[in-house]
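Below is one structure; the comments refer to it alone.
The values are calculated or read from the model by the stated rules, or taken from the named source; none is laboratory data. Keep in mind that this is a model prediction, so the values were computed, not measured. Quick reminder, even Gly has a Cβ in these numbers, built from the backbone with ideal geometry, and neighbours come from all protein chains shown. Remember, those area values only see protein heavy atoms, side chains included, never the ligands or the DNA or RNA. Shrake-Rupley method; radii C 1.70, N 1.55, O 1.52, S 1.80 Å.
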Amino acid sequence: MLLSEIIPKRIFVIIALGFCSGIVGHDWISNLFESTLIFSMIFLLMLLIYAGKLKPISGSLVFFLLFISLGYQSVEQKTSPLLKDNFDERYISQDVVTAKILDISYKDQRWNKAIVKLNYVFRYAEKFPLDEKILLLIDNDVEGLEKGDELILNSSIEPIKNKGNPGEFDAETYWKSKGISHIGFLRGGEFFIGSREKNILVSWFNRLDRMLSQLFEDRLRPEAIGIAKALILGDRDHLDSEAVRTFGNAGAMHVLAVSGLHVGLILTMLIFVLSRFPKWISKYRATVIALGIIWFYSLITGFSPSVFRAVVMFSLLTIAKLSGKNYNSINVLMASAMILLLYDPLLLYDLGFQLSYMAMLGIFILYKPISSFLFFSNRWLKLIWDGTAVALSAQVFTLPLTLYFFHQYPNYFLLSNLGLMALTNLILIAGILLISIQFIPLVSGAFAWVLSILVMTMFFFVQWVQNLPASTATGFEISLLEVVALFVIIALVLFSFYKKGRWIYLGSTMIVITCTAIVFQRFTNLNKNEFVIFNETHLTFCVKMDDEIQCFYLSDNDIQKSVYLAQNYQKIRPGNLTYNKLENGVVELRKENFYFKCADSLTFFDIQINEGHWKLIKKINFGNYQSLGKNCIFMPWLDKSDFGGHFLSEGAFVAKL
């Protein structure tokens, strides 16, 4: 039997689906099941090939099952349970460890982030090997640390855990996608540098990174630096919170990371320009040169994850097109995903990876049907409609992820994407040219001025979109199961429109039912009245009544943290947010249909909201020991005990009003 008869036409689609299923299923598939499955599938595959009885459909099933096993095994090797057990058993809090800085970023904040690899732990004059990557938060007063430094440190290291606050960022999943499950805090006096990086290649990348960063800081306007670094270099460490919030509310957050769409448009533009000189450059050479340019771009950005992912994706798509053979774009897209997942299977949990590939998948599937829906003879109208079709295609496939992670929907995403599509490409091209000609003072100065103007134009445009009436719909709170259900519904709707006939009515009905369910759920969230105390050492709690949210905080020193918690809560429970400081003594607030009173004592806060009454315990002693009961909430630093009530260390306290 010919191999072409065994292997399905869209083999990488099947392989990628199986591999991803194995990665996701790693948490609940037992070792015995996995071992049995992987060997039985390999044996079955070889047996069927040898017998010549492998049909395309059964071949697809075998490949799918086989790569479920391989996906599981890849995560098993990446996470290495033996090493995890080794770390948990060998490391005790405050042990001295050696660590190598893999990455570090400096921001104008209280703590700077670094990714370090722990190599050894020392105890009782002995050293034990470790192999664990952790997130290390370094005090802003500590200076002089660089990527590649070997440190000897005495820092408390603990597991990364979500706090269970409403609308919070899912830190566990985010860091899991980077192979990290622990966090440490480092202050001055808790470490010393053992050695500096001696690897020539790593040192060169460090110098290149500093040079590019300095180039942008010296040549660009201050307000354009953070956005330019994020968009061109893939470095989001210098973005301020206002820029992140503005782009998020306008549905343009994807612009702040180089995506597959951006690289694809740049690649197309480069090939188009180079192909204008057929006497000197053939189309084949133009494509090869364009690929070389985008790979060089990936190199000078230090192979930033978002840039590297996009370059790999479009390199494979371009090579497939260059081969001159018939190819399936979705199959090639999945092949690029497999290359990245084979290198690091935990990338599947990376939000950037998910959004990038789902957007491209949506474009490949929906762009042509949507684009052909309307025809314009006018060139500019056709260009606008094609851009709209691209934005709609990407939005359909990324919508479940957007609602799940960001709890909001940008109502003017079409407007923002159309405006940003042109600006983004101009900024990327201007940025690459600035880097290339930085040593020519007059010319590079002109390009730096142009780049600053383009970046500021982009920011002002996004601000304008954000400030439009009802620019953002918040209040979406869907579960992971509902995300899966939404993707299944999208697949079924596409299938029904593909089959046409009566199936179209089924697809239309499913769209109406799904939209109605999502809107109803949002309407329910809008009308919920709640009392929430956040799991945070700095006391912050919110009271939501109708369309008003009253946020109470204890200290002006912690107002930024309180604002962050309240704004996250506002995303899932929309309302007008007002901040109130809790002064010593008694705080009382009266409004229509709302009464609030908080009395502060030495060991607890006595809180009354309308008819509800709670005690927020700060300290347990003999004086209040007998009065502790079910209406008590205990601050996060209090250990869980046999008392009735809610311990904030287990998550935020939420009560319906």
(message) I need a count of the residues in segment 562-593 that are over 22 Å from the mean Cα position of the chain (by Cα) and of a type in the set (Phe, Trp, Tyr).
(response) 1
(message) Looking only at segment 148-171, filter to residues that are of a type in the set (A, V, I, L, M) and touching an Asp or Glu at 6+ places or on another chain (Cβ under 9 Å); which one of those is nearest to GLU190 (Cα to Cα)?
(response) LEU153
(message) For segment 108-155, give me the residue count where each residue is open to solvent by 40 Å² or more (accessible area, probe 1.4 Å) and in a loop (DSSP other than H, G, I, E, B).
(response) 12
(message) Being surrounded by 13 or more Cβ atoms within 10 Å (Cβ to Cβ) and over 19 Å from MET338 (Cβ atoms) is true for just one of ALA391, ALA359. Which residue is that?
(response) ALA391
(message) Suppose we keep only residues that are assigned to a helix (DSSP H, G or I) and of a type in the set (Val, Ile, Thr) within segment 556-589. Which one would you say is least open to solvent (accessible area, probe 1.4 Å)?
(response) ILE572
(message) Criterion first (surrounded by fewer than 17 Cβ atoms within 10 Å (Cβ to Cβ) and either modelled with pLDDT under 85 or farther than 27 Å from ALA470 by Cα (or both)) does PHE594 satisfy it?
(response) yes
(request) Hey, could you check segment 505-527 for residues that are within 30 Å of TRP614 (Cα to Cα) and either aromatic (Phe, Trp, Tyr) or touching a Gly at 6+ places or on another chain (Cβ under 9 Å) (or both) and say which is most open to solvent (accessible area, probe 1.4 Å)? (result) PHE523
(request) Determine which single condition HIS538 fails, assuming it passes every other condition in (1) out of contact with any Ser or Thr (no Cβ under 7 Å at 6 or more places or on another chain); (2) open to solvent by 10 Å² or more (accessible area, probe 1.4 Å). (result) (1)
(request) Take segment 618-639 and flag every residue that is modelled with pLDDT of 70 or more and open to solvent by 70 Å² or more (accessible area, probe 1.4 Å). (result) LYS619, LYS630, TRP637, ASP639
(request) Evaluate the following for PHE476: is it surrounded by 15 or more Cβ atoms within 10 Å (Cβ to Cβ), part of a helix (DSSP H, G or I), touching a helix residue (DSSP H, G or I) at 6+ places or on another chain (Cβ under 6 Å) and not polar (S, T, N, Q)? (result) no
(message) Among the residues of segment 214-237, are any modelled with pLDDT under 80, over 15 Å from the mean Cα position of the chain (by Cα), open to solvent by 10 Å² or more (accessible area, probe 1.4 Å) and farther than 19 Å from LEU426 by Cα?
(response) no
(request) Go through (1) open to solvent by 20 Å² or more (accessible area, probe 1.4 Å); (2) under 20 Å from ASN206 (Cα atoms) and name the single condition GLY164 misses. (result) (2)
(request) Name, by its number, the condition in (1) open to solvent by 50 Å² or more (accessible area, probe 1.4 Å); (2) assigned to a loop (DSSP other than H, G, I, E, B); (3) more than 29 Å from VAL75 (Cα to Cα) that does not hold for LYS321. (result) (2)
(request) Determine, yes or no, whether SER444 is in contact with a Phe, Trp or Tyr (Cβ under 8 Å, 6 or more places away or on another chain), among the small types (Gly, Ala, Ser) and part of a helix (DSSP H, G or I). (result) no
